[in-house]
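Shown next, in structure tokens, is the structure this report addresses.
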């Protein structure tokens, strides 16, 4: 059994527990009352030539535990960083140390758009995201490769709730199923981390000892970029270790980078690292107001 199979099994078990404890009708009622960011997720990404989606997580299978002090300070640091257009909150409990409570806390802490990042396998989780203040959800395309119509239904629900979806490619391999993407999908992400190997945990343990993450496919951002059609927002996920990596992403016509471990890992200060990234984004984009042909968006919510 691969790591992704283990994660999905645990995620399904946790989901079943929550479904038993909170009926869907009550969840829908809470979703209707939940607050939103001042600007929607998509508009926030479109409002800058290049920006960051800064993540909060307590641990990861490939990197182990994050620095608790960095995790605690992250939201306040992200709030102050001009280059951070949105915040990603990991809600998976078993493998990333997240929770829906952390998502709700983030909603009460920041006015920036929030992405719920999890292994979304059921519509109940989309309702959960909105009920806890999320403005967007991550949809991993490879989880729907056997039933593309379910991905379309999930996207329809996301949009009906006034949220955006970040569609992720590349979770299992380069041979991802971009052809099953809904035609109206506007935000596409390329994940350079691989979950399909059964040796990931062993390899990543060795990698941590060496100070590296061996589950990262460093070429994925370049290899899969061509699968994102022209006119779509492209987000690079995972494998961004230093602010100096941002230049190659901008050269690759990416519009944003989703970063967690580089900000939160042990041995560094989240405030210092984010400041370096912030300055690099400012330097890279100082000579242009619209690198990718997206007009700047006013502070307004789009459907």
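The values are calculated or read from the model by the stated rules, or taken from the named source; none is laboratory data. Remember, predicted model here, so these are calculated numbers, not experimental data. Cβ coordinates were reconstructed from backbone atoms using ideal geometry, including for glycine residues, and neighbour counts include every protein chain displayed.
Before we move on, is residue 80 more than 14 Å from residue 260 (Cα to Cα) and either free of Cβ contacts under 8 Å to residues at least 24 places away in the same chain or in contact with a strand residue (DSSP E or B) (Cβ under 9 Å, 6 or more places away or on another chain) (or both)? Judged against the criteria, residue 80 is a match. For residue 207, are the conditions met, namely being modelled with pLDDT of 90 or more and either under 30 Å from residue 8 (Cβ atoms) or part of a strand (DSSP E or B) (or both)? So residue 207 does not fit the description; no.
Report whether or not residue 53 is part of a loop (DSSP other than H, G, I, E, B), at pLDDT 95 or above and at negative phi. No; evaluated as a whole, the condition is false for this residue. For region 4-22, the criterion of being under 19 Å from the mean Cα position of the chain (by Cα) and under 30 Å from residue 243 (Cβ atoms) is met by at least one residue.
Of the residues making up region 218-260, those that are assigned to a helix (DSSP H, G or I) and under 26 Å from residue 185 (Cβ atoms) number 14.
Per the listing 89, 120, the residue uniquely part of a loop (DSSP other than H, G, I, E, B), buried (at least 22 other Cβ atoms within 10 Å of the Cβ) and at pLDDT 95 or above is 120. Taken together, the residues in region 1-25 that are part of a helix (DSSP H, G or I), within 13 Å of residue 132 (Cβ to Cβ) and without any contact (Cβ under 8 Å) to a residue 60 or more places away in the chain amount to 0.
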